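Following: one structure in C-alpha cells, then a few remarks.
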Amino acid sequence: MVFDIATFKIKIQRRSAFFNFPESFYSDYKAFMSIKQGQCNFVITIVPYDSFPLPSKGFARRQNHFYYENKKVFIIKTRRTIARINTVAKKMTLGFKNACSEKTKNRALMAFLRLALSICVVQKGGLPFHSSAIAFGERGIAFSGPSGAGKSTIADLLVSPWQLLNDDFNIILPYRESAYKIYSTPYTKRKTLKKCVNRGANLRTIFFIEKSKTNTIENLPFKNKYIFTLAQTFMFPLSDFFGKKILDNAERLCASVECKRLHFKNDETIRPFIFRHAGGLT
C-alpha cells in the first residue's frame, strides 16, 4: 500500500551496496507526498555506519546516544544504527552496521521515516499523535491514550461503516484558522494496515479514553486537555526550537478542537453513544 495523503514527500537515496531493501518496501514507504501549502520535503540518504565522525559530547537516553553538532544538526546513535539529522535543510544521513539483519534495517528505517515525518509535521504547525482515528465523510474523530487504553479496541467497535485512518499513529495539521485535519499514516501492524484508508478528515473531537463499566464523557479544563495532548504527542529531543514548537502547536490545537475524556464500555453500546456526542455522525 502506498500512502500518499498529499502532505509530505520523503525521498530515500542509497549509497551503500550492502544495504538491500526489497523494492516492495520502498514502494510502501518512500513517497510521502508533496505539500499543498508550500514545500516540506525530506531527503534520507543511506550510507555505511562509520561514514561520519561523532562530536565529543553527547548524552544517553535508554539505549540511545544523542549528540549536537550545532543548533541545526543532531545525531542519534544506537548499537546498530546512526542518523545525522539536519532539521533546517530537512536532510537525514542514515547508517547501518554490516552485521544488521534485513529485518533490523527495515524496522530502523521505518522508525527514522516516522521521525522525519514528525519533524515536518511539527514545522508545519501540527502534531504527530499517538491515537486511533476514524472518519465519516469529511468529519474525523481521534481516540487517544497510553498503550493499553483501548485505542484499537474502540476503533474496531466503531469502524464499520465509518473508515479507519490508523489505530496507533496519525498526524494532525492545521488547514485554516482554528481548524485542523487528521491524516492516516502507514505506521501500524501490517495486518491492521490493510484496514486503513489513505485520507484525511476534518478533526471534530479528540477523546482521551479509558476503559470502564459504563459509557460516560466528561468535559476537561484546558490544563488537562493540554497535559493529555502533550502526553500522547510523539516527542523527539532535537532542539529547544522543536520543544517550544511542540508546546505552542499543542496549545493552539487544544484551543481550537473539542477535547473530552471518554470512559467506555467494551461492547456495541459505545457506537450510538459516541456518535450522539460527536455531533450526529450516524
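What follows draws every value from the coordinates through simple rules; no lab data is involved. Computed from a prediction, not measured in an experiment: that's the story for all the values here. Cβ: placed from backbone, ideal geometry, glycine included. Neighbour counts: every protein chain shown.
Starting from the range 211-282, pick out the GluC sites (Glu not before Pro) whose DSSP state is loop and whose Cβ has at most 12 other Cβ atoms within 10 Å.
Those that pass, being in a loop and sparsely packed, are 268.
Could you list which residues have their amide H under 5 Å from that of residue 131, counting only those 5 or more apart in sequence or on another chain, with H placed in the peptide plane?
So residue 131 has HN proximity to 168, 169, 170.
If I take R0 = 30 Å and measure r between the Cβ atoms of residue 189 and residue 43 in this structure, what FRET efficiency does the formula 1/(1 + (r/R0)^6) give, to the nearest 0.05?
For R0 = 30 Å, the calculated efficiency reads 0.60.
Run down the lysines and flag those whose C-alpha is under 25 Å from the C-alpha of residue 223, throwing out any fewer than 8 positions away in its chain.
Filter leaves 124, 151, 181, 211, 244, 245, 260.
Given R₀ = 25 Å, FRET efficiency for residue 176-residue 241 by Cβ-Cβ distance, to 0.05?
FRET efficiency, residue 176 to residue 241: 0.50.
Between residue 106 and residue 51, what FRET efficiency follows from the Cβ-Cβ distance if R0 is 22 Å, with the result rounded to 0.05?
0.65
At 7 Å along Cα-to-Cβ for each site, give me the label-to-label distance between residue 97 and residue 227 in nm.
Between residue 97 and residue 227, the simple spin-label model gives 4.1 nm.
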